[in-house]
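Trainee: This structure is in structure tokens; I'll ask about it shortly.
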Amino acid sequence: MTTTPKPLVIGNWKMNLDYVEAVHLGQQLGVMLKNKPAEHTDIVVVPPFVDIRSMTSIIESERIAMDVGAQHVSAYDNGAYTGEISTTMLKRLNVQWVLVGHSERRAMYDMTDEVVLSTLQAVVRSGLKVVLCVGEALSVREANEQNDFVTQQLKSALEGLDEKFHELVTVAYEPIWAIGTGLTASSDQVGAMTIHLRSVLAQLSLGAARVLYGGSVNGENAATLLGEGGVDGFLVGGASLKAESFMSIIQTCDDCYDVKR
Ligand code: 13P
């Protein structure tokens, strides 16, 4: 028996791939996973809203072992919120996960800690799983204040969260300076941060939550980040847009889990 949680690999497509391209990628992933199933790894794809229906249809019809997530959701249940999508709408489409507090939304769409909190609350109240994204800018890292920075992000979103929602929470550490830059955090940096995040999560009685790393992850660096960085998986951007590169990260997680057990 093992207490190691199953690795989790999430592909955040961001604003890439229209629904035709999404169907193509979904089919490719389906074939690859049928040929070489990822027996120990949970897989989630997080497409743009307009691709969600296509993805859930393919996954259901082809019986692909993969969940679908959303990149954003409204904190409100319904009403006059032009351009927004509710948790109820996502659930009707069989979405199971939602990213909350991605640094791109925090930076470009005024997602304050208060909005992160209310969105996270709406997600878990609806029974959806949440991936809370945290991570510091380069200036914060250069001032060596990254630990305090992410502590504050974690606490403002998770302190006081009703215990019944704890199992719905995953945390993704995504240093802003490593996102889409090709500049991966070193396994030492990820390892130190993972230990820190787990200790803060334990203080919040969330010690069982999976901790992911995101930021220029690819098939080459995944094994080291997983082994030495001590994370439970990855939140992948660019490398999730191609079936081969996404699959190579998934296979790495699967193989590492086999070795660890
Ligand atoms: P990249 O893997 O492209 O750096 O993106 C990471 C990310 O932001 C995933 O949410």
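Trainee: For the range 240-261, give me each residue that is of a type in the set (Gly, Ala, Ser) and crowded, with 21+ Cβ neighbours inside 10 Å.
Mentor: Correct list: Ser240 only.
Trainee: Being out of contact with any Pro (no Cβ under 7 Å at 6 or more places or on another chain), in a loop (DSSP other than H, G, I, E, B) and within 16 Å of the ligand (Cβ to nearest atom) is the filter here; which residues of the range 8-55 pass it?
Mentor: Lys14, Asn16, Pro47, Pro48
Trainee: Additional query: Kindly indicate which of Val116, Val150 is within 16 Å of the ligand (Cβ to nearest atom), at pLDDT 95 or above and within 20 Å of His72 (Cα to Cα).
Mentor: Val116
Trainee: Follow-up question, since we're still on this one. Could you please find all residues in the range 46-82 being free of Cβ contacts under 8 Å to residues at least 12 places away in the same chain and either surrounded by 14 or more Cβ atoms within 10 Å (Cβ to Cβ) or under 11 Å from Val95 (Cα atoms) (or both)?
Mentor: Residue satisfying the conditions is Ser57 alone.
Trainee: While we're looking at this one, here's another question. Looking at (1) touching a Lys or Arg at 6+ places or on another chain (Cβ under 9 Å); (2) within 16 Å of the ligand (Cβ to nearest atom), find the lone condition where Asn218 falls short.
Mentor: Condition not satisfied by Asn218: (1).
Every residue, every condition in (1) within 14 Å of Val9 (Cα to Cα); (2) among the β-branched types (Val, Ile, Thr); (3) in contact with a helix residue (DSSP H, G or I) (Cβ under 7 Å, 6 or more places away or on another chain), yes or no:
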position: Ala157; (1), (2), (3): no, no, yes
position: Asp162; (1), (2), (3): no, no, no
position: Phe165; (1), (2), (3): no, no, yes
position: Gly182; (1), (2), (3): no, no, no
position: Asp188; (1), (2), (3): no, no, no
position: Thr194; (1), (2), (3): no, yes, no
position: Arg210; (1), (2), (3): yes, no, no
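Trainee: If a residue has to be surrounded by fewer than 18 Cβ atoms within 10 Å (Cβ to Cβ), within 13 Å of the ligand (Cβ to nearest atom) and more than 14 Å from Ser103 (Cβ to Cβ) to count, how many in the range 154-182 make the cut?
Mentor: Result for the range 154-182: 1.
Trainee: In addition: Going through the range 89-109 one residue at a time, which ones are surrounded by 15 or more Cβ atoms within 10 Å (Cβ to Cβ) and free of Cβ contacts under 8 Å to residues at least 40 places away in the same chain?
Mentor: Met89, Leu90, Asn94, Val98, Arg105, Arg106
Trainee: Moving on. How about the range 183-198: which of its residues are within 13 Å of the ligand (Cβ to nearest atom), crowded, with 18+ Cβ neighbours inside 10 Å and of a type outside the set (S, T, N, Q)?
Mentor: Ala185
Trainee: Quick check on the range 239-259. Is at least one of its residues within 26 Å of Arg141 (Cα to Cα), of a type outside the set (Asp, Glu) and part of a loop (DSSP other than H, G, I, E, B)?
Mentor: No, the range 239-259 contains no residue that is within 26 Å of Arg141 (Cα to Cα), of a type outside the set (Asp, Glu) and part of a loop (DSSP other than H, G, I, E, B).
The values are calculated or read from the model by the stated rules, or taken from the named source; none is laboratory data. This one's a predicted model, so the numbers in the text were calculated from it and none came from an experiment. We place every Cβ from the backbone using ideal geometry, glycine too, and count neighbours over all the protein chains shown.
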